[in-house]
1. Quick one: Cα centre-to-centre distance for the stretch 565-617 and the stretch 285-313, in angstrom?
2. So which of Lys534/Lys587; Lys680/Lys706; Lys607/Lys756; Lys534/Lys793; Lys540/Lys680 end up more than 22 Å apart, counting from Cα to Cα?
3. Please give the FRET efficiency for Glu482 paired with Leu505, using the beta carbon to beta carbon distance and R0 = 41 Å, rounded to the nearest 0.05.
4. When ranked by the protection proxy of mean other Cβ atoms within 10 Å per residue, highest first, what sequence do the peptides 580-591, 725-736 form?
5. Have a look at the DSSP beta bridges in the chain and tell me what percent are antiparallel, nearest 5.
6. Expected output is a single nm value to one decimal: the length gained when fully extending between Lys494 and Lys701, i.e. 0.36 nm times separation in residues minus the C-alpha distance. What is it?
7. Which entries in Lys291/Lys448; Lys508/Lys646; Lys57/Lys340; Lys150/Lys517; Lys637/Lys701 show an alpha-carbon gap greater than 22 Å?
8. Hey, with R₀ at 41 Å, roughly what FRET efficiency would Glu353 and Glu518 work out to, going by the Cβ-Cβ distance, to 0.05?
Amino acid sequence: MAFDVQEFKKEYQKTFEELFAYSYEDGSKTEQFIALGDLVRGRYSEDWIQTITNYNKKKEKQVYYFSMEFLPGRMLKSNLLNMGILDCVKQGMEEMGLDLDEVARAEVDPALGNGGLGRLASCFMDSIASTGLAGNGNGIRYRYGLFKQKFINGYQIELPENWLRNRNVWEVRKENKAVIVRFGGDVSFTQDGEGKLRVRHENTRDILAVPYDTAQVGYNNGIVNNLRLWSAEIPYGDEARFSTEEQREEVKRITEVLYPDDSNYEGRLLRVQQEYFFSSAGVQSIVRYFKRLNLDWSLFPDKIAIHINDTHPTLAIPELMRILLDEEGLTWDQAWEITKKTVSYTNHTILQEAMERWPETMISDLLPRIYQIIQEINRRHIDKKTPLYGEELTQRTAIIANGQIKMANLAIIGSHSVNGVAKLHTDILMADTLHDFYVMYPQKFNNKTNGITQRRWVQIANENLTAMLDETIGAEWKSDPEEIKILKAHRDNKAVLDKLEQVKLANKKRFAAYALKEMNLEIDPTALFDVQIKRLHAYKRQLLNVLHILDRYLQLKDNPKINLQKRVFIFGAKAAPSYYYAKQIIKLINAIADMINNDPALNDKIKIVFVENYGVSLAELIIPAADISEQISLAGKEASGTSNMKLMSNGAVTMATLDGANVEIRDNVGEDNIFIFGLKSDEVQEYYRNGVYNSRDIYEKNPRLKRILNLLIDGTIPGVETEARDIFDSLVMYNDEYFLLKDFDSYLQAQYEADKAFSDRDRWNRMALMNIASSGPFSSDYTILRYADEIWKIKPQN
Ligand SMILES: *Cc1c(COP(=O)(O)O)cnc(C)c1O
């Protein structure tokens, strides 16, 4: 795929002129991007074809990663990097008078996911290709991605995100690979000539699923895998059945928009339609592929692994059963063995409000045959397990109970592997959340701690650090992330520490320029940049961060001359549109930012930057500029977290509770290079069990905290009276569900320690260095190799 600069320039000019019929110099940034994208796609297409052909020829076992969300970020630079032509293209563009970064920014960031779960899927797709695994993605091509966030008067406003407006240069529509997905209808049974029961499924509402394929380019290895996203359309030739506008709308609606809920269950009919739509389409196309191999059905699990990312694609299980039973004529036992051996499941949450469960009547109306199969799976499960584990335990593991279908239960029973996403999370699943299942199927449970790809999060996001690392320890780490540990040898090298400080400063200046240009906010790049970027959710405790800010505010108000570390608090967070409390917190933070940023008496000792529309692209700007990484969820609530890993890789020091992967980050980086505070997960559990927590008591007995909380109700903060009152009440009157008040003192103590450490430049730079040097194990390349080895049983190609 390599070229030289001259060749590239010629090709680019030609591509541009063929597309737009004038010279690239007169083109808009968008047109310049589209031309470059087209050129790049053309450049990897041969490898793309070759990779797929190879898999088919060798009948290689392939994994299909089913995910309702993918959050890839802009793909231009990532593709260039992985193809090994980033530097060449950058130089060529420059020689043509173009700035690659500017052109790259013209790409729309496809927000086809909410947060961590979708971003994980995209890091995994990159790692699957880059480690040379035969893997495919399967998901939904939403017409509108996650809403665009605006702040108006401090309130979150949601605008539609029409990410396809300039067309999508990366996707290839594959009309000839479309399949029909059927909803509704009547199911009846007849006997065939041999007396075998045959299923008749008639009068269905048929919807065409059209795949759009996007290449997933591996890192310098010639592998180009496929991400397949499905779009709902009216079947060709069937237009007459969709004669009214309403009928046509109904079809379009299925893949129209991503549900903007994160860590929350959305029980609406459209959502389950989406889930079945892409699960069914994916399974159908897999079966179609397998049949071309001409192998016995019993070999299906030796050629295919289907992985379901959370429970959203769980209907893939009864769908595979349906096809094997009704269409291919296998017996129940044959079909069940194949299905279980093929499917594996990742659990992403223990939050009860995020556990998917569908009303039985909804599934029986919408998917009558699938409903029958789920009933039968459930019946057989109960029959088989009751004699072994007793009535009570077995009933707790039932798929259908109280008129509801529990998707996690179906996912566990219908798969051969259940994994959590960090050691602590998996331990909690086994000991508590899924304990009954653990008793039944101990061998199914395993941990796969999440990871991130340093290609995007360091090489692309942080070019300064990348250059500095290459200079200091060579380029090994780029292909083998563990090798970054060599940096530890330089922990006492003053020149290296200074260099690292310069890199960080340059990145902070870049962010400061953004804040000035986009928000008209002046911030001091030498201040400590304290970063919390993630979805707005009560359990993530952005509010605890706010309480700390208000504490500093009061200290400065009491004594403007106090010697306090200058800090810039950076927030990025979207709230689900229906999550009222989270939106109140957004309003509160914006109101406090207004108050603090415009108070000259504070001498610029505190600034608050709440960026609008946080997403992958903003993450790439903010993370390299972070000094402190706020990972302060209530212990036991965050399954893993991945922004913690991205920030660590960029030399931010973590301020953390012992939650999710923070525990493993501490183990890797060592106690001296992280700030740990707060209740442990077992202590939280104990409070929930014994019910003795009393936040009002803490409020009354802690004068420092009381004074801060009173700021919420005494009119100090302008423009947020009702929201601040509600928030106050949630913490003081309604017993503070996430123990903010309990953790407050130890959080302040940890923040005080951080100030002290930051004031000693060598010490801080050493901590940053140790974080970078310890981040290798959190590469998603290793995570994915463990999935491949232990769950999917597939091996890298080369
Ligand atoms: C990594 C990432 C997340 C996940 O952040 P957590 O702090 O782990 O919840 C969410 N959104 C975006 C855009 C990300 O890049």
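1. Taking the Cα centre of the stretch 285-313 as reference, the centre of the stretch 565-617 is 47 Å away.
2. Long pairs (Cα-Cα over 22 Å): Lys680/Lys706; Lys534/Lys793.
3. Computed FRET efficiency for Glu482 and Leu505 comes out at 0.90.
4. Details: 580-591: 20.6, 725-736: 17.2.
My ranking of the peptides, most packed first, is 580-591, 725-736.
5. 45 percent
6. Result for the pair: 69.9 nm of gain on full extension.
7. Violating the 22 Å Cα-Cα cut-off are Lys291/Lys448; Lys57/Lys340; Lys637/Lys701.
8. Details: r = 34 Å, r/R0 = 0.83.
Efficiency, rounded to the nearest 0.05: 0.75.
Readers should treat all values here as calculations from the given coordinates under stated rules, not as data from a laboratory. Just so it is clear, the structure is predicted and the values come from calculations on it, not from any experiment. Virtual Cβ from ideal backbone geometry, glycine too; neighbours counted across all protein chains shown.
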